[in-house]
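Participant: Below is the structure I would like to discuss, written out as structure tokens.
Only the coordinates and a few stated rules stand behind these numbers; no lab work does. Treat the numbers as computed from the prediction; the structure is a model and nothing was measured. Every residue, glycine as well, gets a Cβ built from its backbone with ideal geometry; the counts of neighbours run over all protein chains shown.
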Amino acid sequence: SPETTGLLKRPRKCDRKGLLFYCELSTLPKLPGFTFQGLEFPSFDGKDRVLHINERNYKKALKRFDMLCLLYHEPQPAHKGRQKQLQMTELVLELTAQVLEDKDIGFGMVDSQKDAKVAKKLGLEEEGSLYIFKDDRVIEFDGEFSADTLVEFLLDVLEDPVELISNPMELRAFERMEEDIRLIGYFKGEDSYYKAFQEASERFQPYIKFFATFDKTAKHLSLKMNEVNFYEPFMEEPAILPGRQLSEMEIVEFVHQHKRATLRKLRAEDMFETWEDNLDGIHIVAFAEEEDPDGYEFLEILKDVARDNTNNPELSIVWIDPDDFPLLTTYWEKTFKVNLFKPQIGVVNVTDADSVWLDMSNDEDLPTAEELEDWIEDVLSGKVNTEDDDDVKDDYDGVDREDRHQSDDHDDHDDDYDDHDDSD
């Protein structure tokens, strides 16, 4: 409706790590005749909470807050569009700081040129990255730069790195977390080998979940004393760390060796880290809407393929649910020339986004697990590669216009946006 026009902002392109990010700044409008009691989305109140960190105040800021979040950014650009982008980024930090004002979390910005000495002392290296200082740890946020994602991420960092499981209800919740990498250990008590497990967990918080139990709950997981189970996403059977007292570094090493999952979901909180973690410069990417019947069926087929090939270190499939990234869907459709109203799987070059996609034009049947495995073998052997797509017919152009109405609508808005004067 006219009242809600402009709620969704067109994403701006960003060279950082080859994807897009967007800043979610708008809130629900107060429509005529409607009130939202109990659903008051926060909007920036105008109070400055984000500090300019320099040599004079950085030590004080580190001591003042339990947790300090620093955005390492490029110098003030001359281009008006880049200036606005930096302002929008700062506004996301301001809104995040406002929402978390009572959590003793500080926020600051470090200019890579003016504050280069401070950046070097603090170990800040990559422009555009947000670094979180907590106790003696530094955590780099590598996700979608929006206020809601940041708030959720930081609240997770505030939690204890190990969650204790002591009853069947908590155990059921743990078993349903199939999309996450998670570890669970059985220990005699908090003064035992558990300490090494806890120290190891701090190195991966909040990206990898650690759980522990000290009681008979362990029997339901067939855990022995001092044994740790490592659950890869979507896998039913865990990898087992031996039932002996391991050091912190031995646990850390094991996690690093196993953390690239055979099937992993692209998540807002670590999307850039996932995209960087490619195999030989490519990703096998699958698009499937979990809430859509065809998408759900295709995802179950992907799980079967991943479980059958979980011991293949050369295979890693990135699953993207378009519903999780509504502002990126049209961009992906244009870039990869695929219709995301139905499941897709292809191989993508992470450098130039060149891609080749499995022919799934038969609307009657999805490919079987065996057919997917055959195609994946061709990808891994090099028979299917991203240099072949120039010779492949552009199937996307043949998609029924009725199925593409949503993309056409977005194109119309893009034209309106391009006519917008940056000086307004």
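Participant: Given C-alpha coordinates of region 183-258, what is the ratio Rg to Rh with the Kirkwood estimate of Rh?
Facilitator: 0.92
Participant: Out of region 64-159, which trypsin sites (Lys or Arg not before Pro) are coil in DSSP terms and have no more than 16 other C-beta atoms within 10 Å?
Facilitator: 114
Participant: Residue-wise, which Karplus ³J(HN,Hα) couplings in Hz belong to region 300-317, taking 6.51 cos²θ - 1.76 cosθ + 1.60, θ = phi - 60°, and x for glycine or proline?
Facilitator: The phi angles translate into 5, 5, 4, 4, 4, 5, 5, 5, 6, 10, 5, 8, 8, x, 8, 10, 8, 10 Hz.
Participant: Past 23 Å, Cα to Cα: identify those pairs from 120/195; 60/120; 195/303, in the order given.
Facilitator: Result: 120/195; 195/303 exceed 23 Å.
Participant: For residue 211, which sequence-distant residues (separation of 5 or more, or a different chain) have an amide H within less than 5 Å of its own amide H, given hydrogens modelled in the peptide plane?
Facilitator: When sequence neighbours closer than 5 places are left aside, the close amide H contacts are 163, 183, 184, 185.
Participant: Another one. Taking 0.36 nm per residue of separation and subtracting the Cα-Cα distance, what length does fully extending residue 258 through residue 167 add?
Facilitator: Net length gain for the segment: 30.0 nm.
Participant: Per residue of region 221-233, what does 6.51 cos²θ - 1.76 cosθ + 1.60 with θ = phi - 60° give for ³J(HN,Hα)? Whole Hz please, x for Gly and Pro, Karplus curve as stated.
Facilitator: Result, ordered by residue: 9, 6, 8, 9, 4, 6, 9, 10, 9, 10, 9, 6, x Hz.
Participant: Also, quick follow-up: Can you give the % of DSSP beta bridges in region 183-258 that are antiparallel, to the nearest 5?
Facilitator: Roughly 60 percent of the DSSP beta bridges within region 183-258 come out antiparallel.
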